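Have a look at the structure below, then the notes.
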Amino acid sequence: MAARFMVISFQRSGLNWLRYCTEYFTGVRTPGRPQIIAEGPVFFDRAHDVRRKPKRSDFTGLYDAGGAEVYERVALLLRNPYDCFTSHYLGRTGVNFKQGLERFEAYANNINQFDALKAKKGVFYFEDFVNNEEGTLVFLRFFDIDPGARPYNFREMIEASRGWYRGHHGLFAERERPQLKPKERTGILRMLKQQLGENFERYLGRYSLDNLRETGT
């Protein structure tokens, strides 16, 4: 049975934590590298870039061949774009800033595609749910997941999820974290404003990007 739910999340936006929680409380697999549940149908589909089919997801598009929306409920995960860019592109071999900026247009495109959907939608910000129990529960309840269905220790869940993430991705030590140069932040900001138009303030207004440096979260 095809998933009825969808999560749109550019890389490094907190999806792996929410995948872990979803699998913990539902016992149903989520797309991506195996976490708690390794086999079976998925609870939701996911895409880092809605223009492309992911490697580990059944997602093929937001619309079917007739133009109808595929999903009845869609979540968009957003993180400060400077932090997303820093975490995903800076320090990676073989990717310079210009190449990274071209690929980062997917971040803006995801927002625009999400905004156009008529399905039930929810926007979830990285800083509201990572290491935050209430913010995490808000996401779960959006998909009708009942966190009261089984006992849990939130702190232990965080540590288990972090251990899984370190094993697959590693973590930047604070002293190793790359920093965007002022002209690079300006380039990212210009691209986002051009691509998003009115959606820039609607979705990213909380970040005050004209003045904000990377948060380091």
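Values as computed for the structure displayed
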item: Region 25-43, residues that are hydroxyl-bearing (Ser, Thr, Tyr) and over 14 Å from PHE59 (Cβ atoms); result: THR26
item: Yes/no for PHE10 being in contact (Cβ under 8 Å) with a residue 12 or more places away in the chain, closer than 20 Å to ASP128 by Cβ, touching a His at 6+ places or on another chain (Cβ under 9 Å) and buried (at least 20 other Cβ atoms within 10 Å of the Cβ); result: yes
item: Residue within region 143-160 that is closer than 21 Å to GLU198 by Cβ and modelled with pLDDT of 95 or more present; result: no
item: Selection from region 38-87 of residues that are in contact with a Gly (Cβ under 8 Å, 6 or more places away or on another chain), without any contact (Cβ under 8 Å) to a residue 60 or more places away in the chain and surrounded by 18 or more Cβ atoms within 10 Å (Cβ to Cβ); result: ARG46, SER57
item: Answer residue from region 75-105, given it is under 12 Å from the mean Cα position of the chain (by Cα) and modelled with pLDDT of 95 or more and is farthest from GLN11 (Cα to Cα) among those; result: ALA75
item: Condition met for ARG29 (of a type in the set (Lys, Arg), over 25 Å from GLU159 (Cβ atoms) and out of contact with any Cys (no Cβ under 8 Å at 6 or more places or on another chain)); result: no
item: Residue among GLY100, GLY122, GLY135, GLY94 that is touching a helix residue (DSSP H, G or I) at 6+ places or on another chain (Cβ under 6 Å) and more than 17 Å from ARG202 (Cβ to Cβ); result: GLY135
item: Residues (among the charged types (D, E, K, R), touching a strand residue (DSSP E or B) at 6+ places or on another chain (Cβ under 7 Å) and within 22 Å of LYS120 (Cβ to Cβ)) located in region 33-74; result: ASP45, ARG46, ASP58, GLU69, GLU72, ARG73
item: Where ALA119 falls short, out of the listed (1) touching a Lys or Arg at 6+ places or on another chain (Cβ under 9 Å); (2) buried (at least 17 other Cβ atoms within 10 Å of the Cβ); result: (2)
item: Residues of region 134-158 classified as of a type in the set (D, E, K, R), touching a residue at least 60 places away in the same chain (Cβ under 8 Å) and outside any loop (DSSP other than H, G, I, E, B), total; result: 0
item: Residue within region 176-189 that is part of a helix (DSSP H, G or I), polar (S, T, N, Q), more than 18 Å from the chain's Cα centre (by Cα) and at pLDDT 65 or above present; result: yes
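The values are calculated or read from the model by the stated rules, or taken from the named source; none is laboratory data. Remember, predicted model here, so these are calculated numbers, not experimental data. Please note: Cβ atoms are built from the backbone with ideal geometry, for glycine as well, and neighbour counts cover all protein chains shown.
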